[in-house]
Structures are given as structure tokens and as C-alpha cells.
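J.: This is the structure, below, for whatever I ask next.
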Amino acid sequence: MLELKNIEVMYQNVIYVLKGVSLSVDEGEIVALLGANGAGKTTTLKAISGLLKTEQGDVTRGRIEFMGKKIDHMSPEGIVKMGIVQVMEGQRLFKHLSVDENLRLGAYVRGNRGEVAKDLDMVFNYFPKLKELRNRTSGYLSGGERQMLVVGRALMAHPKFMLLDEPSLGLAPFLVKEIFEILKRINADEGTSILLVEQNAFAALSLAQRGYVMEDGKIVLDGLAQELRENEDIKEFYFGLSSIGQRKSYKGVKHYRRRKRWLA
Amino acid sequence: MDTFLQFFISGILNGGIYALIGIGLVLIFKASGIFNFAVGQLLLVGAFATWAFLKWLELPVWLSVLLAMVVAALVGLIIERLVTRPLIGQPVLSAVMALLALSVMLKGVFAFIFGPATVSYPADVLPGTPVSLSGASFSGELTWGFLIAVIVFGIVTLLFYRSRIGLAMRGTAEDHQLAQATGINVKHIFAITWMAAVLVAAIGGIIIGSKVGIGIHFTPLLGVKVIPVVLFGGLESIKGCFVAGLIVGILESIVGGYVDPNLMVITPYAILLLVLLFRPYGLFGQKRIERI
């Protein structure tokens with residue numbers, strides 16, 4: 001459904017961020033994209049959604065295809081029209097607008113007024129709390145409510161494909177669990193494919209079917225979520241477990257990091 | 001009492017027109033964060049276009065005004081395309097400088113085409129018969145102008161708060177990148193905003209023109225007067241613009257009538273300074289949302 005073929009991204013024609021990234025997501029699939037800070041995960045998402053162009057970034061090489069069509073030179077709003085919606089990092093919302101207006105803006109791209117009421121019901125079905133908060137100014141919502149709102153707003157566009165950038169950021173563990181449960185339901189009920197960028201590798205790999213690991217602008221590891229969960233390196237670097245599978249004891253930590261198998 | 005009523009209502013009538021012109025500034029500021037310093041010259045666009053159609057082509061009044069509206073909308077689109085779009089993503093100051101440059105340029109163009117003398121419409125654009133109310137009497141043009149201003153103001157407000165495109169405009173006003181991520185074509189929104197802004201300025205220009213005539217020197221001064229109005233009301237607030245327009249109009253008229261006509265000119269600024277001391281974001285300006 002979505003395919004990135006060896007793409008390279010540069011910001012302002014100088015800063016070389018992605019150095020040949022290839023990945024694919026099939027219809028109805030949830031795929032996790034993991035990696036440390038600065039690995040290029042967010043840039044990958046922005047390359048897909050076209051938002052790179054708003055930050056003077058460009059896909060300088062390779063191609064991005066969505067349902068067989070090349071999209072890397074389309075405008076962000078054109079890409080949204082095709083059915084790809086990015087939920088940006090940090091629960092970005094239209095702060096001075098109400099919850100209701102935020103959701104309605106999510107449906108803007110479809111232009112079909114008649115169905116907006118129905119879609120609002122669908123969103124309230126996933127996030128009952130938003131219904132109570134309908135007329136509140138969204139800027140005053142709590143972190144968890146904001147996250148619900150941004151995912152709800154994305155749903156209003158009826159996306160075929162959702163790009164989620166760190167939906168767990170700044171949320172309490174039980175909220176992360178709740179949000180991830182809902183994402184799973186959305187994926188199952190609406191058939192929306194999801195590409196999920198996460199720092200919380202454990203949560204991401206329990207939701208996703210497959211995963212990719214990025215480092216320094218490249219994909220260094222990929223596989224089924226199950227395999228990745230059991231991978232020694234992932235365990236050590238992302239879950240903080242030692243190779244025996246127990247929580248690491250800091251008493252015995254050596255002062256060098258175990259060499260990564262995938263060093264390029 | 002009659003004199004008071006006279007001053008009070010004249011103030012309201014004038015204030016409505018300030019508010020109308022102000023709403024153009026508010027729309028542009030909301031959408032793009034740019035303060036439109038060219039507003040004074042934009043008043044002339046509609047005023048002179050109507051005059052040219054009436055005088056040179058000898059068209060009927062309704063057609064001249066209609067065509068002037070078309071011209072104004074086109075000018076709005078051209079300004080967006082040639083002046084502000086290339087400056088998207090650049091510092092706000094560059095856009096402000098570009099608009100100042102535009103303003104100077106327009107002045108030159110108008111002086112070249114229409115000359116420096118004050119002209120007045122060859123036909124009555126608005127009915128000139130004075131309207132009287134319990135002993136006080138008001139200029140007919142001003143009364144009709146006020147009614148038109150209120151109606152246009154109402155239409156713009158409705159569009160902004162009740163329509164789909166208005167919602168998109170408000171979204172764009174808050175966060176350009178997020179608006180694009182939501183599928184809003186920000187460039188279209190800017191174009192619509194500029195079109196609307198020049199249109200309301202044109203309507204204001206025509207109203208003023210039909211009352212006191214059009215001149216490249218004194219008509220733009222009215223635009224300058226609207227600057228304290230919108231700052232006073234709060235730059236992002238349509239409601240504030242209306243209230244501030246009326247307050248400035250009334251105070252100006254009363255000060256001018258009772259105290260000294262020379263003080264009229266400085267009244268708006270004096271009020272502005274006073275208000276900004278206590279409410280730096282204006283009467284109804286947007287407070288920054290901080291979550292604690």
C-alpha cells in the first residue's frame with residue numbers, strides 16, 4: 001500500500017538526514033518505526049505526509065508510492081486528500097478552537113457536510129470523553145484528552161493510512177495503554193493502516209505486526225514484531241534488559257556498550 | 001441634549017465605518033500575522049475604481065460599484081500572489097516592509113492616473129438627503145454608509161464563525177503547518193483573506209468618497225486612523241474591532257464637539273495609549289493559552 005524506495009532527505013539542501021530508507025506497509029497493517037532520538041523517524045513520516053516542504057526539506061532521491069502512485073512531490077494537502085493523515089508529535093491542536101471545531105476541521109478535506117455528524121458520532125464512540133468536552137477550548141485539555149482529540153481529528157478525515165508520531169509522548173502508562181487499545185480497535189474496525197513512530201518500543205511492538213529500527217538515517221533492522229521483541233539487541237538497547245532477560249543490574253554494568261551487530 | 005445626541009450618533013455612524021475598515025486588518029492579521037500597513041491606499045482602490053467607472057465610462061452607479069468590487073477582489077488576489085506569498089515563511093517584518101513599499105507604490109500610481117486634486121463622484125452613490133431624528137440631523141451618506149457597514153460586518157462575521165471556509169480560516173490563523181497537515185490549502189485561505197480584506201476596504205473607501213470626496217492625500221489618513229481602532233479592540237478580535245470602532249467614533253465626535261475640534265485627531269491615540277496600559281492585548285485580544 002505504502003512503499004518507500006531508498007529515499008534520501010535533505011533539509012535546506014545541506015543537512016543530510018535520511019540516507020536511503022526503504023520500508024513498506026501493507027493494507028490494514030500496523031508497522032512500528034523505532035529508533036533513538038535524531039535517527040530520522042519523524043523526518044521519515046514528514047517525507048510521506050509532505051510536511052517536509054513546510055520545513056524546507058526535500059526528498060532528493062528515491063520514491064514514495066502510495067497505492068501505486070508516486071506522492072513525493074505532492075503538496076501536504078494533496079496527500080491528505082489521498083488518504084494519508086499524519087498525527088504530529090506533541091499533540092498539536094488548534095488551541096483557541098473548541099474540541100468540536102477541531103474535529104470538524106479534521107473533516108475539512110472531505111468537503112462533505114452531510115456526513116460530518118455521523119463521523120462525529122464515530123469519533124465519540126472511540127473517545128466517549130471527547131463528547132463531554134465538546135464545547136471546551138481545546139487548549140485547556142489535559143495531555144491525555146489532547147492525544148484523544150488529535151487522533152479523533154485525524155479519524156474525521158477517514159484516512160486510509162495514519163502516520164502517528166509518538167502518541168505516547170508525555171502520557172501516563174495507563175493512558176498509553178488506553179490509547180493503544182483504541183488504535184488497535186480503529187485498525188481492526190476501520191481497516192486503517194498505521195505507521196507508528198515510538199520511543200516506547202515495548203508498547204509499540206506489542207501493538208504492531210512488524211517493525212523497523214532506524215539509526216542515523218538508515219533502517220538497520222526489520223522483522224516481525226514478535227522477532228524484534230526477542231532480538232537480543234532490541235532487548236538491551238530499547239527494553240533495558242540484559243541478555244538473560246532480566247532487568248539489568250546497574251552494579252554489573254560495564255563501562256562500554258555492547259557492540260551492535262548492525263553497525264554500518 | 002440635542003447637541004449631545006447629534007455628536008453621539010454622528011460618532012456611532014463614523015465608528016461603524018472605522019469598524020468596517022478595521023475588519024480587513026483583523027482578518028489579515030489573524031490569517032497570516034501580518035499587519036496591513038497598506039490599508040490607507042487600499043481604500044483608494046475601490047473609491048477611485050468607482051469614480052473612474054462613473055466619470056470616464058459613464059456607467060450607472062450600481063454597475064460602477066459592482067465593477068469596483070470586482071477590481072478590488074482582483075487587487076486583493078494580486079497582492080496575495082505577488083507581495084505576500086513569496087514571503088511566506090520569511091520574517092513578518094519583511095512582509096510588513098513589502099506592504100509599506102506597496103503602499104508607497106500605489107500612492108504613486110494613483111497620483112499618476114488620477115492626479116493630486118480632490119475629486120467627487122459625479123452622481124450620488126449614496127443618497128445625500130439628511131436624516132433627522134428628534135431635532136438632530138445626520139448626513140444621508142453617513143447614515144446609509146453606516147447601515148451598509150453594519151451589514152457587511154455582519155456578513156463577514158457570519159462567514160468567519162459559521163461557515164466551513166471560516167473555520168478553515170480560523171484554523172489557518174492558529175497554526176499554518178497543522179492546517180496543512182489537516183488538508184487545508186493555506187495558500188487558498190490567504191488568497192481569500194486578502195480578497196475579503198481589499199473588498200471591505202473598497203466598500204469603506206466608496207462610503208467615505210461619497211461623503212467627502214476622494215483625494216490621494218486625505219483618504220488614506222482614514223486608514224491610519226483605523227490602526228488605533230484595531231489595536232484598541234485587540235488585533236485578533238472581530239468583536240473587539242466593532243466595539244472599538246464605535247467607542248473611538250463616539251469619543252472622537254464628543255471631544256471634537258465639546259472640547260476642541262483640533263483634539264479630534266489625537267483622541268483615538270490617547271484612548272489607545274490608555275487602554276494598552278491596562279490591557280496590552282487590547283479589549284478583546286487573544287490571551288495566550290498557558291496550561292499550568
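The values are calculated or read from the model by the stated rules, or taken from the named source; none is laboratory data. Please read all numbers here as calculations on a predicted model, not as lab measurements. Note that we place each Cβ from the backbone using ideal geometry, even for glycine, and neighbour counts take in every protein chain shown.
J.: So how many residues does region A:193-235 have that are β-branched (Val, Ile, Thr) and either closer than 27 Å to A:His158 by Cβ or under 17 Å from the mean Cα position of the chain (by Cα) (or both)?
T.: Step one: filter region A:193-235 for residues β-branched (Val, Ile, Thr), giving A:194, A:197, A:213, A:219-220, A:234.
Applying the additional criterion that residues be either closer than 27 Å to A:His158 by Cβ or under 17 Å from the mean Cα position of the chain (by Cα) (or both) yields A:194, A:197, A:213, A:219.
Residues meeting the conditions: 4.
J.: Looking at region B:25-34, can you tell me whether even one residue there is within 17 Å of the chain's Cα centre (by Cα), surrounded by fewer than 20 Cβ atoms within 10 Å (Cβ to Cβ) and closer than 17 Å to B:Val198 by Cβ?
T.: There is at least one residue in region B:25-34 that is within 17 Å of the chain's Cα centre (by Cα), surrounded by fewer than 20 Cβ atoms within 10 Å (Cβ to Cβ) and closer than 17 Å to B:Val198 by Cβ.
J.: Only one residue in A:Gly68, A:Gly78, A:Gly143 is within 22 Å of A:Ile194 (Cβ to Cβ), within 18 Å of the chain's Cα centre (by Cα), surrounded by fewer than 17 Cβ atoms within 10 Å (Cβ to Cβ) and not β-branched (Val, Ile, Thr), so which one is that? Steps first, please.
T.: Details: A:Gly68 fails: within 18 Å of the chain's Cα centre (by Cα); A:Gly78 fails: within 18 Å of the chain's Cα centre (by Cα).
Within the list A:Gly68, A:Gly78, A:Gly143, the selection yields A:Gly143.
J.: Would you say A:Gly78 is touching a Pro at 6+ places or on another chain (Cβ under 7 Å), touching a residue at least 24 places away in the same chain (Cβ under 8 Å) and under 26 Å from A:Met1 (Cβ atoms)? Break it down into steps so the answer makes sense when it comes.
T.: Working: touching a Pro at 6+ places or on another chain (Cβ under 7 Å): no; touching a residue at least 24 places away in the same chain (Cβ under 8 Å): yes; under 26 Å from A:Met1 (Cβ atoms): yes.
Spelling it out, it is not the case that A:Gly78 is touching a Pro at 6+ places or on another chain (Cβ under 7 Å), touching a residue at least 24 places away in the same chain (Cβ under 8 Å) and under 26 Å from A:Met1 (Cβ atoms).
J.: Would you mind stating whether A:Asp100 is over 18 Å from B:Asn185 (Cβ atoms), more than 8 Å from chain B (Cβ to nearest Cβ) and in contact with a His (Cβ under 9 Å, 6 or more places away or on another chain)? First the steps, then the outcome.
T.: On the way: over 18 Å from B:Asn185 (Cβ atoms): yes; more than 8 Å from chain B (Cβ to nearest Cβ): yes; in contact with a His (Cβ under 9 Å, 6 or more places away or on another chain): no.
When the stated conditions are applied, A:Asp100 does not pass them.
J.: Find the residue count for region A:31-89, including only residues that are at pLDDT below 90, in contact with a strand residue (DSSP E or B) (Cβ under 7 Å, 6 or more places away or on another chain), more than 9 Å from chain B (Cβ to nearest Cβ) and on the phi > 0 side of the Ramachandran plot.
T.: Of the residues in that region, 1 qualify.
J.: Follow-up. Restricting to region A:169-193, name every residue that is touching an Asp or Glu at 6+ places or on another chain (Cβ under 7 Å) and under 24 Å from A:Asp26 (Cβ atoms).
T.: A:Ser193
J.: Checking A:Lys248 against (1) in contact with a Ser or Thr (Cβ under 7 Å, 6 or more places away or on another chain); (2) modelled with pLDDT of 85 or more: exactly one of these is not met. Which one?
T.: (2)
J.: Consider B:Leu221 against the criteria (1) under 13 Å from the mean Cα position of the chain (by Cα); (2) under 19 Å from B:Ser237 (Cα atoms): it satisfies all of them except one. Which criterion is unmet?
T.: With respect to (1) under 13 Å from the mean Cα position of the chain (by Cα); (2) under 19 Å from B:Ser237 (Cα atoms), B:Leu221 is out only on (2).
J.: Give the residue that is surrounded by the fewest Cβ atoms within 10 Å (Cβ to Cβ), with candidates limited to residues of region B:8-24 that are among the β-branched types (Val, Ile, Thr) and more than 12 Å from B:Lys225 (Cβ to Cβ). Lay out the reasoning, then the answer.
T.: Just the residues of region B:8-24 that are among the β-branched types (Val, Ile, Thr), to begin with: B:9, B:12, B:17, B:21, B:23.
Restricting the remaining residues to those that are more than 12 Å from B:Lys225 (Cβ to Cβ) gives B:9, B:12, B:23.
Details: B:Ile9: 21, B:Ile12: 18, B:Ile23: 28.
Among residues in region B:8-24 that are among the β-branched types (Val, Ile, Thr) and more than 12 Å from B:Lys225 (Cβ to Cβ), the one surrounded by the fewest Cβ atoms within 10 Å (Cβ to Cβ) is B:Ile12.
J.: Tally the residues that are hydrophobic (A, V, I, L, M, F, W, C) and more than 10 Å from A:Arg153 (Cβ to Cβ), restricting the search to region A:101-127. Can you show your working first?
T.: To start, the set of residues in region A:101-127 that are hydrophobic (A, V, I, L, M, F, W, C) comprises A:103, A:105, A:107, A:109, A:116-117, A:120, A:122-124, A:127.
Checking which are more than 10 Å from A:Arg153 (Cβ to Cβ) leaves us with A:109, A:116-117, A:120, A:122, A:124, A:127.
Counting residues in region A:101-127 that are hydrophobic (A, V, I, L, M, F, W, C) and more than 10 Å from A:Arg153 (Cβ to Cβ) gives 7.
J.: In this structure, does B:Arg164 turn out to be facing chain A (nearest Cβ under 8 Å), touching a residue at least 24 places away in the same chain (Cβ under 8 Å) and not hydroxyl-bearing (Ser, Thr, Tyr)?
T.: Numbers: facing chain A (nearest Cβ under 8 Å): yes; touching a residue at least 24 places away in the same chain (Cβ under 8 Å): no; not hydroxyl-bearing (Ser, Thr, Tyr): yes.
So B:Arg164 fails the test.
J.: Hey, another quick one. Against the definition (without any contact (Cβ under 8 Å) to a residue 40 or more places away in the chain and polar (S, T, N, Q)), how does A:Ser98 come out, yes or no? Give the derivation first.
T.: Numbers: without any contact (Cβ under 8 Å) to a residue 40 or more places away in the chain: no; polar (S, T, N, Q): yes.
No: the conditions fail for A:Ser98.
J.: Sticking with this structure for a sec: Condition (residue is β-branched (Val, Ile, Thr) and farther than 26 Å from A:Lys184 by Cβ) applied to region A:96-109: is it met by at least one residue?
T.: From region A:96-109, those β-branched (Val, Ile, Thr) are A:99, A:109; that's our starting set.
Filter once more, keeping what is farther than 26 Å from A:Lys184 by Cβ: none.
No, there is no match, as no residue in region A:96-109 is β-branched (Val, Ile, Thr) and farther than 26 Å from A:Lys184 by Cβ.
J.: A follow-up question, please. Go through (1) more than 19 Å from B:Tyr18 (Cβ to Cβ); (2) surrounded by 23 or more Cβ atoms within 10 Å (Cβ to Cβ); (3) more than 9 Å from chain A (Cβ to nearest Cβ) and name the single condition B:Leu159 misses.
T.: Every condition holds for B:Leu159 apart from (2).
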